[in-house]
Structure formats: structure tokens, C-alpha cells
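Q: Structure incoming, see below.
The values are calculated or read from the model by the stated rules, or taken from the named source; none is laboratory data. Everything quoted here is computed from the prediction, not taken from an experiment. Note that each Cβ is placed from the backbone with ideal geometry, even for glycine, and that neighbours are counted across all protein chains shown. Please note that ligands, DNA and RNA were not included when accessible areas were found on the heavy atoms of the full protein model with its side chains. Shrake-Rupley method; radii C 1.70, N 1.55, O 1.52, S 1.80 Å.
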Amino acid sequence: MSAMTERLTDALYGLGWTAVKKLPEPVATRLGRRIADTAWQRRGKGVLRLESNLARVVPDASPARLAELSKAGMRSYMRYWMESFRLPAWSAQRVRDSIDIKDVHHLTDGLAAGRGVVIALPHLANWDLAGVWVTRTLGVPFTTVAERLKPESLYDRFVAYRESLGMEVLPHTGGSAFGTLARRLRAGGLVCLVADRDLSASGVEVKFFGETARMPAGPAMLAQQTGALLLPVTLWYDGTPVMKGRVHPPVDVPETGTRAERTAVMTQALADAFATGIAEHPEDWHMLQRLWLADLDTPDRGRGSGRGSAKGPAA
């Protein structure tokens with residue numbers, strides 16, 4: 001990315017955080033839909049990749065159905081951004097009224113027992129809103145990780161934004177994040193990580209919708225090392241102003257096997273839980289980049305980094 005492009009990107013995000021939250025809500029909603037439809041009509045790389053990914057999620061879908069899903073997907077993606085730009089201005093009551101999570105007892109029981117809890121999510125719907133709900137409605141602070149972005153000023157915007165919402169944000173690079181997360185968990189704290197894409201050398205291979213993909217080892221390793229509860233969470237929109245979600249049952253640490261083997265089993269269990277939510281609400285899965293190994297055709301295909309950490313927390 002050139003210096004000029006970096007400055008433009010930073011300026012656009014800055015405009016979003018300052019201007020969009022001041023718009024009347026119906027205006028912001030219409031603007032988001034217009035932007036989404038324009039992007040979809042242009043058929044850029046992101047839209048084409050989204051359709052390619054959705055073809056694996058919905059293998060019997062016709063081209064017309066895939067196009068319909070990708071259009072809905074872009075609208076869902078822009079709803080994420082419009083909500084996120086406006087979140088700092090939302091009251092605690094507005095946050096409570098905007099989300100409905102099933103089976104929260106898995107989370108609250110774990111925290112009440114003094115166990116640390118790791119929440120792992122895929123790129124479904126609006127995880128920032130879910131995070132604000134945790135901090136403001138449950139009154140529970142949490143720690144997450146974000147990839148360093150270019151320009152640095154954009155990364156700083158993301159960190160300041162999420163910290164203003166009550167999140168502790170650690171940089172993905174530098175090697176110290178894992179140790180800090182482990183300390184938070186041993187103290188009975190909460191860690192939230194977006195965890196459905198990791199193309200680094202440390203990514204764990206999983207079967208995902210019948211093909212091989214890589215997902216982060218972090219959530220499973222943290223649970224093993226600290227004794228924390230590992231909970232998959234899936235989110236979705238249903239055509240109403242209220243986002244829905246579900247806290248899935250805990251992923252247990254296997255009693256036998258090496259650490260690598262246990263990590264593989266647990267990460268596969270996360271992938272299976274993610275797949276359940278994605279299959280039920282494919283239009284809310286914001287995966288506009290390559291995920292499956294079969295789609296990676298460059299020589300350094302193992303070195304990519306997850307898009308999710310730019311948009312949300314990642315491990």
C-alpha cells in the first residue's frame with residue numbers, strides 16, 4: 001500500500017467514525033445499503049471471493065442464489081460498519097435493546113466459578129456490538145487482539161475506538177500477546193478472539209465445509225494452558241434491528257494426546273461450531289478473502305494474515 005493510499009484509507013475511516021455517527025439513523029441505514037449495493041454491482045475481488053466462499057457453504061446454490069447471497073452479504077457487511085461507526089454514541093439501553101444472546105449461562109457460569117473464559121467467534125454479523133454488550137450489559141471487561149494495520153494511524157484509530165468501548169486491545173505482533181492473555185485468564189478474566197481464519201505457519205488445519213482450511217491455535221492453547229473455559233459464539237441478523245447470537249457449549253480439553261493433538265481436536269470442534277452458525281446464516285459471514293488452502297495459489301501461501309484482525313479481534 002502506497003503512502004498516499006494509506007493516508008486516504010486513514011482519512012476515510014476517520015470520516016466514518018466522525019460523520020456517520022452524527023447522521024440520523026434512517027439516513028445512515030440507507031447510506032450503508034447504497035454503498036453495499038454499489039460495491040456488489042461492481043463485482044470487485046472482494047465480492048467475487050465472497051461468492052466463491054459462499055459456494056462452499058451452500059454447495060447446491062445456483063449462480064442466481066449465490067449472487068443473491070453475496071448481495072445480502074455485502075449489505076450485512078455494511079450494516080456491521082454502520083453500526084460500529086455509531087456504537088460509541090449508543091446508550092447502554094440501546095445496546096441492551098439491540099442484541100439477544102441465547103445460552104449466556106455458559107459464559108456467566110464460567111466467570112462466576114472463577115474460571116477464565118475464552119470466547120471464540122467467526123466473522124459473523126457484528127462482534128463489536130457483542131463486545132459492547134458484554135462490557136456494558138454484563139459489566140465484564142475483556143481482552144482481545146488486533147493485527148497491526150498500515151498506516152499506523154489507522155491501527156491507532158481501531159485501538160482507541162475499541163478501548164473507548166471498554167475493551168483491552170493487544171497488538172497481534174511482538175510475541176507478548178499470548179502471555180498477557182494467559183495472565184488475564186488465570187486471574188479469572190475474559191478473552192474474546194475472532195478465530196475462523198489463520199493462514200500463518202502456526203495455523204491449525206481443520207476440515208471446514210468438507211475442505212481443508214487453517215484456523216488459529218490460540219484459543220485452544222490458551223484453554224489448555226490456563227484451564228479456562230473455551231466457548232464458541234455465533235452471531236446473526238434476522239431482518240430486525242436486533243442482532244441475535246448463541247453461546248455454544250464448552251469445547252473440552254481432550255484427556256489424552258500431545259498438546260498439538262489436543263489443540264487440533266479442539267480447533268476442529270471450534271470449526272464445527274462456526275460452520276453450524278455460518279450454514280444457518282451464510283449471508284452474515286463477512287469473509288471477503290481467501291480461506292481454504294485449495295484457493296491459495298501463491299508461493300508464500302502460508303504467510304498470509306487474517307483479515308479479521310483488521311476488522312475485529314483475532315488470534
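Q: Of the residues in region 113-169, how many are among the aromatic types (Phe, Trp, Tyr), under 19 Å from Met287 (Cα atoms) and modelled with pLDDT under 90?
A: 0
Q: Met266: of a type outside the set (Asp, Glu), in contact with a Leu (Cβ under 7 Å, 6 or more places away or on another chain) and under 23 Å from Arg162 (Cβ atoms), yes or no?
A: no
Q: While we're on this one: Within region 251-258, is there a residue that is polar (S, T, N, Q) and without any contact (Cβ under 8 Å) to a residue 12 or more places away in the chain?
A: yes
Q: Now a separate question. Taking Gly245 as the residue in question, decide whether it is in a loop (DSSP other than H, G, I, E, B), at pLDDT 95 or above and open to solvent by less than 50 Å² (accessible area, probe 1.4 Å).
A: No: the conditions fail for Gly245.
Q: Please enumerate the residues belonging to region 81-97 that are exposed (fewer than 13 other Cβ atoms within 10 Å of the Cβ) and closer than 14 Å to Ala28 by Cα.
A: Selection gives Ala89 alone.
Q: Taking the residues in region 22-80 that are hydroxyl-bearing (Ser, Thr, Tyr), open to solvent by less than 80 Å² (accessible area, probe 1.4 Å) and assigned to a helix (DSSP H, G or I) as candidates, determine which candidate is nearest to Trp90 (Cα to Cα).
A: So, considering only residues that are hydroxyl-bearing (Ser, Thr, Tyr), open to solvent by less than 80 Å² (accessible area, probe 1.4 Å) and assigned to a helix (DSSP H, G or I), the one nearest to Trp90 (Cα to Cα) is Tyr80.
Q: Another question about this same structure. Would you pick out the residues in region 156-176 that are out of contact with any helix residue (DSSP H, G or I) (no Cβ under 7 Å at 6 or more places or on another chain) and either surrounded by fewer than 19 Cβ atoms within 10 Å (Cβ to Cβ) or not in a helix (DSSP H, G or I) (or both)?
A: Asp156, Val159, Ala160, Glu163, Glu168, Thr173, Gly174, Gly175, Ser176
Q: Does region 252-265 contain any residue that is touching a strand residue (DSSP E or B) at 6+ places or on another chain (Cβ under 7 Å), farther than 19 Å from Gln289 by Cα and open to solvent by less than 60 Å² (accessible area, probe 1.4 Å)?
A: Yes, there is a match, as at least one residue in region 252-265 is touching a strand residue (DSSP E or B) at 6+ places or on another chain (Cβ under 7 Å), farther than 19 Å from Gln289 by Cα and open to solvent by less than 60 Å² (accessible area, probe 1.4 Å).
Q: Hey, another quick one. Let me confirm something: among Leu288, Leu230, Leu293, which residue is in contact with a Leu (Cβ under 7 Å, 6 or more places away or on another chain) and open to solvent by less than 40 Å² (accessible area, probe 1.4 Å)?
A: One residue alone meets the criteria, Leu288.
Q: Test each condition in (1) in contact with a Phe, Trp or Tyr (Cβ under 9 Å, 6 or more places away or on another chain); (2) in a helix (DSSP H, G or I) for Leu288 and report the one that comes out false.
A: Unmet condition: (2).
Q: Ok, one more. Looking only at region 277-285, decide whether some residue is within 30 Å of Arg96 (Cα to Cα), open to solvent by 20 Å² or more (accessible area, probe 1.4 Å), among the acidic types (Asp, Glu) and not in a loop (DSSP other than H, G, I, E, B).
A: yes
Q: Additional query: Quick one: count up the residues across region 200-216 that are surrounded by fewer than 23 Cβ atoms within 10 Å (Cβ to Cβ) and part of a loop (DSSP other than H, G, I, E, B).
A: 6
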